[in-house]
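Report on the following structure.
The values are calculated or read from the model by the stated rules, or taken from the named source; none is laboratory data. The model shown is predicted, which means the values in this text are computed figures rather than measured ones. With ideal geometry, Cβ positions are generated from the backbone for all residues, glycine too; neighbour counts draw on all protein chains shown. Calculation scope for accessible area: heavy atoms of the full protein, side chains included, ligands and nucleic acids excluded. Shrake-Rupley method; radii C 1.70, N 1.55, O 1.52, S 1.80 Å.
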Amino acid sequence: MISRVRSLGLLGISGYEVLVECYITGGLPAFEVVGLPDAAVKESRERVRAAIKNCGYKFPVSRITLNLAPAGTKKSGTIYDLPILLGILSASELIRLPEAPCAFLGELSLEGKLRPVAGVLPMALAAKELGIKELYVPAENAAEATLAGIDTVYGVDSVQTLAAHLSGNAPMLPAQPWQPDNAYPDLLDFSDVKGQENVKRALEIAAAGGHNVLLIGPPGSGKSMLSKRISSILPDMTRDEALEVTKIYSVMGLLSSEHPLVQVRPFRSPHHNVSAAALAGGGTNPKPGEISLAHKGVLFLDELPEFRADTLEVLRQPLEDGQVTISRVHGSVTYPSEFMLVCAMNPCKCGWYGDPSGRCRCSQASVDQYMGRISGPLLDRIDIIVEVPAVKFDELSRRTKAEPSSAVKARVDAARKRQLTRFAGSRTLCNALMRPAELRTVCVLDETCTNLMKSAFERLQMTARSYDRVCKVARTIADLDGSDTIGPQHIAEAIQYRSFRIGNR
């Protein structure tokens, strides 16, 4: 007897259809799973056997062959437990599957309970594209699955409940589509930061255009404090952006049943001992890394020179392409990685180089060696480099509150709105993502601006990439001013953010 149960699989952060074919025949008892299963899939034999018996069914004493099609694609994880169990029960004529196009996935306990699995959202989105009308998932994953917009999603808590539903004895109620409660978490506010108005201005420009930033200053000047508040001034995510980010977090198993949708732009801050694989992603079954978890949000690297050189160089390609490709023996996967890079560092090993107090005792060679830990190509991909001086006592002792994040965010939102209107119909969402053809059209410089750029290009020894980035920053500054054209003042301010030098750089 042959039965077929539709299920789903994961390839990167995309779902695809898996057909679980079960063939029960006479002969010596055996239970084989084929179709490139990994260890977790092979172990499902024991979980399924125990679940069938503990749910009151008789496990067939026959030769059972299970094929996971397409057989040439590697299958991993525990999501096939439920379809394998249903395939055996259907082939044994103990249950009847629905006539409507349906798919099943979920991990089983030994007593037949369903446990939550990772990656339900991308698989649910694939199911919708495949025309599946009914999707059966573990109860804790039901809210997440409803985000895909499938006609009917059933949250299953046990095999007995599902069997009663399929027989018509006790139909289950479909899961209600999850709706956000609009209760955003409280974010750190810029009003807590005293002084540093020049740095706040630079971060406002960075948020308005999606530009990468490097903050350089002595210990205690507020670099980390300022960086952690960038999320409070970034524009709200659209529904499509939220689903993109949620797919990544779903694959990593970082969602909760109460809040299955990521509504706030991610802020990732890995420690400087992070490996290149953890940053970019990888593993035997490749998983997204920190740069993908920061997609549509912020990747904050504190103490930048303390990161290993090979780890930092991993960032170069994703910063240009907005995605990272991980290749393994069984194939390659591509993860999105459009993030805003925010870095912070001290100007030297002791941290006080250039401070008016003169407390730094580092030699020039030591300073150059410390700065040399960051490669030129990586620095060239940073749009804004700003000095963060030590805060003076008068600024710290002031009782007046600084400008709140809400006021800054209003200006950022207005600038982003201008950019969305400008790039309507294209994939570009902000100035930092402009492509060369758009750059030539949008960043037209008059004679005065051209002369300013020429002088700065020669004096600062800019590259073609840094020239483009100055133009993009100038375009963002003009957007914040509400100007349709780039003026000399916009170019001058953008150049200022490329002028900071330490040592012989």
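Within the same chain, lysines fewer than 8 places from Lys194 are excluded, and of the rest, those with a Cα less than 28 Å from its Cα are Lys223, Lys228, Lys349, Lys392, Lys401, Lys409. Working note: Cα atoms of segment 325-424, range along each principal axis, descending, whole Å: 55, 43, 23.
So, by mean Cβ neighbours within 10 angstrom, what's the order for 388-395, 370-377 with the highest one leading? Mind dumping the intermediate values first?
Numbers: 388-395: 13.8, 370-377: 15.6.
Packing order, densest peptide first, comes out as 370-377, 388-395.
Accessible surface of segment 229-280, 1.4 Å probe: 50 percent of it comes from carbon and sulfur atoms. When the convex hull of the Cα atoms of segment 402-460 is projected onto a plane and the area is averaged over all directions, what value comes out in nm²? Its average projected convex-hull area is 6.4 nm².
For segment 385-505, state the average projected area of the convex hull of the C-alpha atoms over all orientations, rounded to one decimal in nm².
The orientation-averaged projected area of the Cα hull of segment 385-505 comes to 9.7 nm².
Any idea what diffusion coefficient segment 17-61 gets from Stokes-Einstein, in µm²/s, Kirkwood Rh on alpha carbon pairs, 10 °C, 1.306 mPa s?
Details: Rh = 12.1 Å.
Translational diffusion coefficient: 131 µm²/s.
Highest average first, the peptides 50-59, 81-90 ordered by how many other beta carbon atoms sit within 10 Å of their residues are 81-90, 50-59.
In segment 258-278, whose amide N lies under 16 Å from the spot 7 Å out along Cα-to-Cβ of Arg373? List them in ranges. Zone members listed by number: 270-276.
Sorting 281-288, 13-20 by their mean Cβ neighbour count within 10 Å, with the most densely packed peptide first, gives 13-20, 281-288.
What is the percent carbon and sulfur in the accessible area of segment 39-84, measuring with a 1.4 Å probe over the protein chains and ignoring ligands?
Working: 950 of 1960 Å².
Answer for segment 39-84 is 48 percent, counting heavy atoms of protein chains only.
Averaged over every viewing direction, what's the projected area of the C-alpha convex hull for the chain? Give it in nm², one decimal, please. Projected over every direction and averaged, the Cα hull of the chain covers 27.6 nm².
Near Lys349, once Lys and Arg are set to +1 and Asp and Glu to -1 for all other residues with Cβ below 12 Å from its Cβ, the sum equals -1.
Shown are Arg47, Arg308, whose ranking by accessible area with a 1.4 Å probe and every protein chain present, most to least, is Arg308, Arg47.
Considering only beta bridges that DSSP places wholly inside segment 251-406, some 55 percent are antiparallel. Accessible surface for the chain, divided over its residues, is 45 Å² per residue with a 1.4 Å probe.
Summarising the overall dimensions of segment 33-187 from its C-alpha atoms, the Rg and Dmax are 16.1, 60 angstrom. Round to a whole number: what % of the accessible area of segment 390-505 belongs to carbon and sulfur, probe 1.4 Å? In segment 390-505, the share of accessible area belonging to carbon and sulfur is 53 percent.
With the alpha-carbon atoms of segment 182-323 aligned to their principal axes, the span from lowest to highest coordinate is 46, 41, 24 Å, starting with the largest. Please report how far the C-alpha centroid of segment 414-428 lies from that of segment 440-505, rounded to the nearest whole angstrom. Their Cα centres are 21 Å away from one another. By a 1.4 Å probe calculation restricted to protein chains, Arg459 has an accessible surface near 150 Å², given to the nearest 10.
Using alpha-carbon pairs under 8 Å, 6+ residues apart, how would you state the relative contact order of segment 193-262 in percent?
On the way: 28 pairs, mean separation 17.4, N = 70.
This gives 25 percent for segment 193-262.
Taking the centroid of alpha carbons for each part, segment 296-353 and segment 35-102 are 42 Å apart.
Filter the DSSP H helices in the chain by two things, a Kyte-Doolittle mean of at least 0.0 and an axial alpha-carbon span of 30 angstrom or more, and list the hits by number. Walk me through the intermediate numbers first.
Details: long enough: none.
Qualifying helices, which must be both long enough and hydrophobic enough, do not occur.
Computed over Cα pairs, the Kirkwood radius of segment 1-79 leads via Stokes-Einstein (0.890 mPa s, 25 °C) to a diffusion coefficient of 184 µm² per second.
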